[in-house]
Amino acid sequence: MKQRRLPPLALSTVLLLAAGAAHGAAARPAVSVQAQVAPVQQRTLDETLTVYGKVEPDPERLHALTTLSAGEVRRLYVGLGQRVAAGQALLELSTAPQARLSYQQAKGKLDNARTQLAQTEDLFKEQLATRVDLANARQALRNAQAELAALRAQGAGGTVRVLRAPEAAVVTQLDVAPGALAQPGQPLLMLGAQDHVWVRLGLEPEDAARVAAGMPVRLTPVFGGSAITARIAQVHAVINPSTHLVDAVVRIEGRAASVLIPGSWLRGAIRVRAQRALAVPRSAVLNDARGDYLFVVEQGRARRVAVRTGIEQDGWIGVQGALRVGQRVVIAGNYELHDGMAVRVGAGPTR
């Protein structure tokens, strides 16, 4: 079969076009992406539960202030929520007339018992009274003394009594007002120890089994303030009907407790487990329809690596996959990358 030859002019035209295309391809730069990288590290990561709770007075250190005899509240020196010092006056209580009458009657009984005992002793010396009479008179005196001492302890002997705080505390409940009549045993106010508080944290029921007494917890005021490191004291076995959560109690004592205000809210981070794992900055991990992945840089090109993620803490996340410590992973610019694409590496964090 005879081959056709191009005319010289046509052949030269084709050669020129081919040379121009080759020159244009050589002139275009290869596509690459500017990226920041960070090394894969071996780290201990803590898994934490974030929960919230309210500061409460320690129920084991609550003190109910009561009166042992009836009286009238003449004056209040404190208000609800006020901090008080040990020995500080709380309220003034006047003794009820009936209580004062009972005290005077008890004094009369004591005087009469003393007189009866003296007369019985004289009769006994004259052999006009028996040993039984003498014993009964002595017992009557002891009974009268005990009755008067009890009334005196109740405050019935005075006209006005001032009730004082037994320790530094916070007034958590106030049940009376000036002019109110107080009955024996009636709570007048409640004091919570200033240096002993509870933080009642709320756990989701499905998380309650993962939390146990002794676990460390970091407490931070919701509206700002210094963090407190403590431990879980107890985890309740029932759901709190008010919050529909399971209570985990943290006890705080001393100076740390004295700066917390009952009723304020705290955020708690409970460390439930720690794990040693390969870790990368959180921004390195991407996700698409094929799952989680990241890019490592090898010989100036990006290589996609599928990973499984784990615990996340302080901007780092645990990963499992075809990785090793020290490999460089892309942490910025990775959204523009494709597998095998050229990478221009910039400075990145190495913390």
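You will find that of Val325, Val272, Val345, Val319, the residue that is open to solvent by less than 20 Å² (accessible area, probe 1.4 Å) and of a type outside the set (Ser, Thr, Tyr) is Val319 and no other. Filtered by the rule that a residue be among the polar types (S, T, N, Q) and either modelled with pLDDT of 90 or more or open to solvent by 50 Å² or more (accessible area, probe 1.4 Å) (or both), segment 190-244 gives Thr220, Ser226, Thr229, Gln234, Asn240, Ser242, Thr243.
Taken over segment 48-88, the residue count meeting the criterion of being open to solvent by 40 Å² or more (accessible area, probe 1.4 Å), in a strand (DSSP E or B) and either closer than 26 Å to Arg251 by Cα or at pLDDT 90 or above (or both) is 11.
Taking each residue of segment 325-348 that is on the phi > 0 side of the Ramachandran plot and looking for partners that are in a loop (DSSP other than H, G, I, E, B) and open to solvent by less than 20 Å² (accessible area, probe 1.4 Å) with beta-carbon atoms closer than 9 Å, six or more apart or interchain, yields Gly326/Val40. Only one of these is touching a residue at least 40 places away in the same chain (Cβ under 8 Å) and charged (D, E, K, R): Arg271, Arg304, Arg282, Arg290. Name it. The unique qualifying residue is Arg271. State whether one or more residues within segment 276-284 are surrounded by 15 or more Cβ atoms within 10 Å (Cβ to Cβ) and of a type in the set (D, E, K, R). Among the residues of segment 276-284, not one is surrounded by 15 or more Cβ atoms within 10 Å (Cβ to Cβ) and of a type in the set (D, E, K, R), which makes the answer no.
Of everything in segment 162-175, what is over 20 Å from Gly254 (Cα atoms) and not in a loop (DSSP other than H, G, I, E, B)? Give them in sequence order. Before the answer, list the steps.
Initially, segment 162-175 is screened for residues over 20 Å from Gly254 (Cα atoms), giving 162-164, 173-175.
Of everything in segment 162-175, those that are over 20 Å from Gly254 (Cα atoms) and not in a loop (DSSP other than H, G, I, E, B) turn out to be Val162, Leu163, Arg164, Gln173, Leu174.
The residues of segment 89-126 that are within 23 Å of Gln186 (Cα to Cα), surrounded by 15 or more Cβ atoms within 10 Å (Cβ to Cβ) and at pLDDT 85 or above, listed by number, are Leu90, Leu91, Glu92, Leu93.
Based on what the data block shows, is Gln299 open to solvent by 70 Å² or more (accessible area, probe 1.4 Å) and farther than 25 Å from Gln34 by Cα? No: the conditions fail for Gln299.
Of all the residues in segment 325-343, those that are under 46 Å from the mean Cα position of the chain (by Cα), part of a strand (DSSP E or B) and under 9 Å from Val33 (Cβ atoms) number 1.
Within segment 193-220, can you find the residues that are among the charged types (D, E, K, R) and closer than 28 Å to Gln173 by Cβ?
So in segment 193-220, the residues among the charged types (D, E, K, R) come out as 195, 200, 204, 206-207, 210, 218.
Result: Asp195, Arg200.
The values are calculated or read from the model by the stated rules, or taken from the named source; none is laboratory data. If you're wondering where the values come from, they're calculated on a predicted model, not measured in any experiment. In this analysis, Cβ positions are derived from the backbone assuming ideal geometry, glycine residues included, and neighbour counts consider all displayed protein chains. To get the accessible areas, we keep the full protein, side chains included, count just its heavy atoms, and leave off ligands, DNA and RNA. Shrake-Rupley method; radii C 1.70, N 1.55, O 1.52, S 1.80 Å.
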